[in-house]
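What follows is one structure encoded as structure tokens, with my remarks underneath.
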Amino acid sequence: MARYTGPVCRLCRAEQKKLMLKGDRCKSDKCAINKKRPAPGKDPKARAGKRSDYGVQLREKQKLKRIYGMQEKQFSLFFERALRMTGITGENLFVLLERRLDNVVYRLRFASSRSQARQVVLHGHITVNGKRVNVPSYLVKAEDEIGIGETSKGLVIVKDALKEFGKAGVMPWLQLDPDAMKGKFLASPRRSDITDLADIKEQMIVELYSK
């Protein structure tokens, strides 16, 4: 599947929001958002104009899609699946996105960004319930145990990423044993639990796809 290979800081500038695409760099003074650089584009006056309803909805979708590092086709498939589930579609979408294996690996502090987590998964360093899984979009279930494979526990990028656990812990729907490099997905989160993405207006995404 095709993926974006350009400068990711440009994506954050386009959305005027930290999408946490570069791990520790996003928390440093080097972050483009901290420098208050303008959004990319040729016409500053056009950027300053009022957006249409469609434009606002599109930006919400783009932000969420880019945060989770997904391409349009894959994101739309996740939305269709959320639409078929019982309950509120926008909240269902968040639950599905949080259940992605690459996201869980990132949330468990095995990687410093979702893109790095995707690489860790693709390279076969992750196990689910003791079995190696190398599919980033694999959907984790409640009580699944996610860990670093025995032959991969010496990876420097994983050890460095795990240092963040001592500073910030993990989300409440997760459990982590940093010494064993093993964690558990306790249950699917509620929308209100995903506090770091509280500013995303998922209802606008639902309205966009309903047009």
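The values are calculated or read from the model by the stated rules, or taken from the named source; none is laboratory data. Keep in mind it's a predicted model, so treat the numbers as computed, not measured. All Cβ positions, even for glycine, are placed from backbone atoms using ideal geometry, and neighbour counts span all protein chains on display.
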Problem - Given (1) of a type in the set (K, R); (2) assigned to a helix (DSSP H, G or I); (3) more than 17 Å from the chain's Cα centre (by Cα), index of the condition K65 fails - result: (3)
Practice task
Evaluate the following for D24: is it among the acidic types (D, E), modelled with pLDDT under 95 and not in a loop (DSSP other than H, G, I, E, B)?
Solution key: yes
Exercise for the section: Quick one: which residue in G154, G147 is more than 17 Å from L97 (Cα to Cα) and free of Cβ contacts under 8 Å to residues at least 12 places away in the same chain? Expected result: G154
Practice task
Hey, can you tell me all the residues within the stretch 41-65 that are over 26 Å from N103 (Cβ atoms) and modelled with pLDDT of 65 or more?
Solution key: K50, R51, S52, D53, Y54, G55
Completion exercise
(1) under 13 Å from the mean Cα position of the chain (by Cα); (2) assigned to a loop (DSSP other than H, G, I, E, B) all hold for G154 apart from (1)
Practice task
Check whether at least one residue in the stretch 106-119 is more than 26 Å from D160 (Cα to Cα), crowded, with 20+ Cβ neighbours inside 10 Å, modelled with pLDDT of 95 or more and not aliphatic (A, V, I, L, M), and report yes or no.
Solution key: no
Handout entry: Within the stretch 174-204, considering residues that are in contact (Cβ under 8 Å) with a residue 60 or more places away in the chain and among the hydrophobic types (A, V, I, L, M, F, W, C), the one farthest from L108 (Cα to Cα)
Key = M204
Practice task
State which residue pairs qualify: first residue at negative phi and inside the stretch 106-123, second residue among the polar types (S, T, N, Q) and assigned to a helix (DSSP H, G or I) in any location, beta carbons under 7 Å apart, and separation of 6 or more residues or different chains.
Solution key: R114/N103
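Here is a yes/no grid of residues against (1) more than 23 Å from D193 (Cα to Cα); (2) of a type outside the set (A, V, I, L, M, F, W, C); (3) crowded, with 21+ Cβ neighbours inside 10 Å:
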position: F94; (1), (2), (3): no, no, yes
position: I146; (1), (2), (3): no, no, yes
position: T151; (1), (2), (3): yes, yes, no
position: A161; (1), (2), (3): no, no, yes
position: A168; (1), (2), (3): no, no, no
